[in-house]
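Take a look at the structure below.
No lab work stands behind these numbers, since they all come straight from the coordinates. Note that the structure is a prediction, hence the values are computed from the model and not measured. Here the Cβ positions follow ideal geometry from the backbone for every residue, glycine too, while neighbour counts run over all protein chains shown.
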Amino acid sequence: MILLALVMFAFALAPFVGAIGGRSSPFVAIIPLLLFVAFCVLLPEIAEGGTLLETHRWIPSIGIAAAFRLDGLSLTFALLISGIGCAVFLYASAYLRGEPRLVRFYTIITLFMASMLGAVLADDLVLLVVFWELTSITSFLLIGHTPEQERSRRSAQQGFLVTVAGGLAMLAGVILLGSVADTFSITEILGKGEMIAADPLAPAIIILIAAGAFAKSAQAPLHSWLANAMVAPTPVSAYLHSATMVKLGVYLLARFDPVFSDHALWIALLTGFGAATMLTGSVLAMRETDLKRVLAYSTIVSLGTLIMLIGIPGELAAVAVVTFLIVHALYKACLFLVAGIIDHETGTRDSSALGGMRHFMPITAAVALMGGLSMAGLPPSIGFAAKELVYETGLAASAGWALVAVALLANAAMVVVAAVVAVRCFSGDLSATPKTPHDPGFAMLAGPIVLALLGLLFGIAPWLVGNGLIVPAASAIAGEPITFTLSLWHGFTPMLALSVLTLVLGVFAYRRWSTIRSRMAGIHQIDDWGPDKLYDRLIIGLQSVSTWVTHQIQPGSLRSYVARTLFIMSLAAFVTLILRGGYELPSFANSLGPDLVIAILLIVSSLAVARARNFVSGIVAAGMVGFTVALLFLFQGAPDLAFTQFSVEALAIIIMLAIVGRMPFRDRDSRIHKERLRDLFIAGGTGVTAALVLLAVLAQPFDGRLSDFFRAASVPEAHGRNLVNVILVDFRALDTLGEITVLGLAAIAAAAVLAGLRRATAEKSK
Amino acid sequence: MEPVFAIAFGVMVAVAAYLLMSRNVLRIVLGLLVLGNAANLSIFTAGRLESRVPPLVPAGEAALAGGANPLPQALILTAIVISFALVAFTVVLFESAHRRLGTLDADAMREAEPLPQATTKKSRKVEESA
């Protein structure tokens, strides 16, 4: 009950948070704080290796349950979501003070938090997909916080399309996985790991699920939406696009790692794309001056690192994933918030224009330094331990030298980014800024300070986070309980040598940052041929294709609609008739008789209608058709029909002559030759199909049960001797009532049209 | 006897379809008239033309043995009236359209769906420059 209650609590309080946040009150942070405390209370049980499971009925008929699962992995995420949420909510209350649309902002960001919690706690694949898509939707709304800006709209749409397209792939993968495992329960799927991995469908499942995770976690080549998402307000960037939402892909892959960890495709895909993303992010980060975009590209590097680590099998990799995940969330959220402070206080976030800010903002400078220490992976921060673990995992993996080389370059890039954000802006000479900066108030500083201090505290005392959180979470990723003692200092190892090398490389690059940056930014091919441009081309192409298709199927011509309808209808009937063997010819044996004259008359008069030169002769020919049918009725024992047909036909001719007699009816059909051929073909096909269908009906023996019933029941039950009358007014009286209604409605509608017409002509003559 | 009428039915449907695809809306009305009659003919034929005796129970008897099939007759009686209503309403609509738009050409009646304009490229350029 407790997990469902926590998720529902978060959802239900969204409007409430919106109301408090709308007044920019710092108390808005209480809601995530309450959630954080609640998850902390659950921590001891999970730390001892327990797992909290609960299942509620949802859609039992198709095997979908509202099931929740709390183990080390989901608890780690839940704590990050609620804890960083707390810092971000508090920060936003000062950062966004006086901005428009605050109620909307807080409502959506709370809905996002609730969806995130739901996604990481879900123990049912379908439930997971639902929450997953909810995070995409709320992310779309938050990136588009200022919809009047073109850039904002484009970025929101791009992020949405990429993540939702990935979500569709993931949904397909989830359905496949559910059918292979014969359950949607994640807990049961984890128990059937070997069976699923051996299934012939496993490669398809891996590719589809990985595609969803890669889109969500901005893996190359789907990374550009994340950098563009930086148009969102800084609290959104810090929360969604560095600490939580983009980690959902990491969560998904980590969740299913026990199932697929030894599958060759899983290892190849994850390590391959992860390493490629690390390199891509590193290169792109080196080209930027905008603090937030620099940080976004470094987030892409970190996400690549996480995906690569998940791809490497083994317990050590699992520990490295969790440690790096926590470390990254702590320092990246902290640095994003610092970048926001710089932007807020100075009015710019162009790192090449900033310097010497330590004189104005000493506290911010200290916080940035602590966060940067963790990002650069320097002791005594926990970032150092995480980086060593990454190297250790890489060295132990097969073909590890390549991964270690990639990691070395990526980590050196991290050192540069950390130095640019945390050192460059604050040191050196004072630079002129649009506003005179000073340290912000408590609300904006509290979050970054706590996050930065935690990074140092965990580094000095790794056991604080190691046994309680990292080991249970790593056990969940590894699929079996593991023992591991996290420590900062490993002694003199190859990893230490690599760390020193990283630092040297990083410092070397940082000292030449301006040159490197401008040279990298000068490579136009990256802008011209990158996935961002490709996305634009894709969207433009999609639009022109849809315009073309719309014009094709909806040309706005009544004739062409009729032609298509008739063509498709008769083709469908014809093909079905031939293929299903329904085609059958009755005998024409008794065709020679007096009624043959009527049939010939019908054919001749119909053709005369088609060939009529003017409207009057057309009406006369059409009247001939009607009267001939009436003759048939008269001779074939249907006098009632014949009389009705005679009078209706006469009435129709009179009405038409009266109303439209003076309208022009061109001498010649105005269709061009080609159109006429096409129409003849379609009309001929329709006629042939209609005749064949009727012939097939006639070839069947007649079933007269209904007719016999009316013959027998009319006098005893309805006391009438004219069977047709009895059927109309007694057995099928409701049908007749409907017919009268139709007639009445047609009369009313016609009267209304004519009345409107009279009014229009009267106004015109005035 | 019936197969001959099936052929006649096919010809009537073909004529009606050809008229329905005309440019002139008055031809469409004629097409509707022919189509209505064709539909009635098909119901009548499918019910078989076996007896020329109207389905009336003679006085003093409780049931009818033989006689024409009463069921299609009842269905057609309804259909005749409805197709008449359809044709009459269509005529009124076209009359109104003719008075308002000054044309009887179905392709020229494009109030609801204007011709697709060749400005898609132009408008895209405008969007890009914005």
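A few points about this structure:
- Cα gyration tensor, the stretch A:1-97 - rounded (a/c under 1.5), prolate or oblate: oblate
- For a label point 7 Å along the Cα-to-beta-carbon line of residue A:483, residues of the stretch A:448-463 with backbone N under 20 Å: A:462-463
- Two-site FRET efficiency, residue A:765 against residue B:107, from Cβ-Cβ distance with R₀ of 22 Å, rounded to 0.05: 0.15
- Separation of the residue A:516 and residue A:429 label points, Cα + 7 Å toward Cβ, nm: 2.4 nm
- Linear extension gain, residue A:23 paired with residue A:588, 0.36 nm per residue minus alpha-carbon span: 194.6 nm
- Averaged over the residues of peptide A:579-591, the number of Cβ atoms from other protein chains lying within 10 Å of each residue's Cβ is 2.
- Taking the charge dipole of chain A about its Cα centre, with +1 at Lys and Arg Cβ atoms and -1 at Asp and Glu Cβ atoms, the residue from A:324, A:407, A:281 reaching farthest to the positive side is A:281.
- Sorted fewest first by neighbouring Cβ atoms within 10 angstrom, A:182, A:735 come out as A:182, A:735.
- Full extension of the chain segment joining residue A:569 with residue A:712 gains 47.6 nm, where the gain is 0.36 nm per residue of separation less the Cα-Cα distance.
- Net dipole in debye of the stretch A:494-562 [+1 Lys, Arg Cβ; -1 Asp, Glu Cβ; about Cα centre; nearest 20]: 200 debye
- Sorted from longest to shortest, the spans of the Cα atoms of the stretch A:263-522 along the three principal axes equal 55, 41, 31 Å.
- Between residue A:124 and A:67, A:186, the built amide H atoms are under 5 Å apart, and every one of these is 5 or more places off in sequence or on another chain.
- Cα centre as origin, Lys/Arg/Asp/Glu Cβ charges: the stretch A:263-522 dipole, Debye: 620 debye
- Charge sum, other residues only, whose C-beta stays under 10 Å from residue B:55's C-beta, Lys/Arg counted +1 and Asp/Glu -1: +1
- Ordering B:70, A:161, A:502 by Cα displacement along the dipole of the protein assembly as shown toward the positive end leaves A:161 in first place; charges were set at the Cβ atoms of Lys, Arg (+1) and Asp, Glu (-1).
- Cβ-defined net charge surrounding residue A:695, 13 Å radius [Lys, Arg +1; Asp, Glu -1]: -2
- The slack between residue A:30 and residue A:753, meaning 0.36 nm per residue of separation minus the straight C-alpha distance, is 253.8 nm.
- Here r is the Cβ-Cβ distance between residue A:461 and residue A:492 and R0 is 22 Å; the resulting FRET efficiency, rounded to 0.05, is 0.45.
- Taken over the protein assembly as shown, the ratio of Cα radius of gyration to 2.2 N^0.38 Å equals 1.35.
- Label-point separation in nm, residue A:703 to residue A:264, each point 7 Å along Cα→Cβ: 6.0 nm
- Radius 13 Å from Cβ of residue B:77, net charge of other residues (Lys, Arg +1; Asp, Glu -1): -2
- The ranking of B:7, A:682 by Cβ neighbour count inside 10 Å, starting from the fewest, reads B:7, A:682.
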